[in-house]
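Undergrad: First the structure, which I've put down as structure tokens, then a few questions once you've had a look.
The values are calculated or read from the model by the stated rules, or taken from the named source; none is laboratory data. None of these values were measured; they are calculated from a predicted model. Here Cβ is always computed from backbone atoms with ideal geometry, including for glycine, and neighbour counts include all displayed protein chains. What goes into the accessible areas is simple: the full protein's heavy atoms, side chains included, and nothing from ligands, DNA or RNA. Shrake-Rupley method; radii C 1.70, N 1.55, O 1.52, S 1.80 Å.
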Amino acid sequence: MPVIFAREAPKLWRKVCAETSTEISLLAGNWKYFLAGLVFQYLHGLAAHGVHYLHRPGPTLQDAGFFFLPELGQDRTYLSETLFSVIFFSFVLWTFHPFVFQYKKIYTVLIWCRVFAYLGVSQMLRIITFYSTLLPGPNYHCRDGSKLARLPPPESALEVLLINFPRGVMYGCGDLIFSSHMIFTLVFVRTYQKYGTKRCIKQIAWLVAVIQSLLIVASRKHYTVDIVVAWYTVNLVVFFIDQKLPELPDRSLGSTSQQLLPISSRDKDSKNREELNKFRNGNSANITT
């Protein structure tokens, strides 16, 4: 085993370096899209924090999901957050698999530019929606009597701009329609559905998305309408964006096997150099987001 590791480790290192060079070249041509996506994530958090100042606790609204799904209770609200963390980090790891595996269909930079486009449009619609009508939050810390249900007026602009991170993110109120957790979940599932390669994982991903929806309602973090609106809105957003933006390149063409290391490091290095030269020559314009 140590002999195999010593022999294969340099190959893996060369592969990571070659892939990094290709991705850096792509990032140089798409950094504006990437940066815009990151900035909008902050703006979305800022908007969600701002609506908390306007939130007024009140009686929990009648909800079909609350009627059919038993309440998990405060001691089990971690279940939905744990599942969401699994979804989030699993997707992030998948987007970086081209750095390790020989078989690869995507470019990491390009897939994240597309994901940021999905998230940005969905979150823009979400901001418009939850500022249009403020509902009393069903979550435990948003109910009448909780000290966290209402925020005192900010003492400075800096207090607002810093979003009281991470407490302000975890204990927000008022940003209900529609669920941000479901935006991320559905965007990740739809992205893997289109660009992933394992059919069984795609089926499991949709099942997990349904379970996540049920857990959010059972945890009383959102009303059922927040989940329902997220399901059809995000799917429509992804559909229309895919119609407007050019298709991402498929790197799997010509690949026949999935292995951790390349069969021939010389051939693999040559292929990565060809990819890098292609993007340096300006041919990457056709595959930007």
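Undergrad: Count, please, the residues in the range 107-141 that happen to be out of contact with any His (no Cβ under 9 Å at 6 or more places or on another chain), touching a residue at least 40 places away in the same chain (Cβ under 8 Å) and of a type in the set (Gly, Ala, Ser).
TA: Count: 2.
Undergrad: Here's a follow-up. Quick one: count up the residues across the range 65-93 that are under 25 Å from LYS15 (Cα atoms), in contact with a Phe, Trp or Tyr (Cβ under 7 Å, 6 or more places away or on another chain) and open to solvent by 30 Å² or more (accessible area, probe 1.4 Å).
TA: Our first condition is that a residue be under 25 Å from LYS15 (Cα atoms); within the range 65-93, this holds for 89-93.
From what's left, in contact with a Phe, Trp or Tyr (Cβ under 7 Å, 6 or more places away or on another chain): 91.
Next, only the ones that are open to solvent by 30 Å² or more (accessible area, probe 1.4 Å) stay: none.
Matching residues across the range 65-93 total 0.
Undergrad: Out of (1) closer than 30 Å to ASP144 by Cα; (2) assigned to a helix (DSSP H, G or I); (3) open to solvent by 50 Å² or more (accessible area, probe 1.4 Å); (4) not β-branched (Val, Ile, Thr), what's the single condition that is false for GLN62?
TA: Of everything listed in (1) closer than 30 Å to ASP144 by Cα; (2) assigned to a helix (DSSP H, G or I); (3) open to solvent by 50 Å² or more (accessible area, probe 1.4 Å); (4) not β-branched (Val, Ile, Thr), GLN62 misses just condition (2).
Undergrad: Now for a separate question. Determine whether ALA48 is buried (at least 17 other Cβ atoms within 10 Å of the Cβ), aliphatic (A, V, I, L, M) and within 30 Å of PRO152 (Cα to Cα).
TA: yes
Undergrad: Before we move on, is SER255 at pLDDT below 95 and either open to solvent by 20 Å² or more (accessible area, probe 1.4 Å) or assigned to a helix (DSSP H, G or I) (or both)? Give the derivation first.
TA: Values: at pLDDT below 95: yes; either open to solvent by 20 Å² or more (accessible area, probe 1.4 Å) or assigned to a helix (DSSP H, G or I) (or both): yes.
Criteria met by SER255.
Undergrad: How many residues are of a type outside the set (A, V, I, L, M, F, W, C), open to solvent by 50 Å² or more (accessible area, probe 1.4 Å) and assigned to a helix (DSSP H, G or I) when one looks only at the range 130-158? Please lay out each step first, then the result.
TA: Taking the range 130-158 as the starting set, the residues that turn out to be of a type outside the set (A, V, I, L, M, F, W, C) are 131-133, 136-141, 143-147, 150, 152-156.
Pick out the ones that are also open to solvent by 50 Å² or more (accessible area, probe 1.4 Å) and you get 131-133, 143-145, 147, 150, 152-156.
The next check asks that each one be assigned to a helix (DSSP H, G or I); those that pass are 131-132.
Final tally of qualifying residues: 2.
Undergrad: Tell me yes or no: at least one residue of the range 83-106 is closer than 19 Å to GLY172 by Cβ and free of Cβ contacts under 8 Å to residues at least 40 places away in the same chain.
TA: For the range 83-106, residues closer than 19 Å to GLY172 by Cβ and free of Cβ contacts under 8 Å to residues at least 40 places away in the same chain: present.
Undergrad: Would a scan of the range 16-39 turn up a residue that is open to solvent by less than 30 Å² (accessible area, probe 1.4 Å), among the hydroxyl-bearing types (Ser, Thr, Tyr) and closer than 30 Å to SER219 by Cα?
TA: no
Undergrad: Let me ask you something else. Can you pull out the residues in the range 159-208 that are under 17 Å from the mean Cα position of the chain (by Cα), under 22 Å from PHE40 (Cβ atoms) and not in a helix (DSSP H, G or I)?
TA: PHE178, SER179
Undergrad: May I pose another question? I'd like to know if the range 181-197 contains one or more residues that are of a type in the set (Gly, Ala, Ser) and at pLDDT below 95.
TA: Our first condition is that a residue be of a type in the set (Gly, Ala, Ser); within the range 181-197, this holds for 196.
Those still in the list that are at pLDDT below 95 too: 196.
Yes: one or more hits.
Undergrad: Given the criteria under 23 Å from LEU26 (Cβ atoms) and either among the hydroxyl-bearing types (Ser, Thr, Tyr) or not in a helix (DSSP H, G or I) (or both), does ILE106 qualify? Talk me through it step by step, then tell me what you get.
TA: Details: under 23 Å from LEU26 (Cβ atoms): yes; either among the hydroxyl-bearing types (Ser, Thr, Tyr) or not in a helix (DSSP H, G or I) (or both): yes.
Judged against the criteria, ILE106 is a match.
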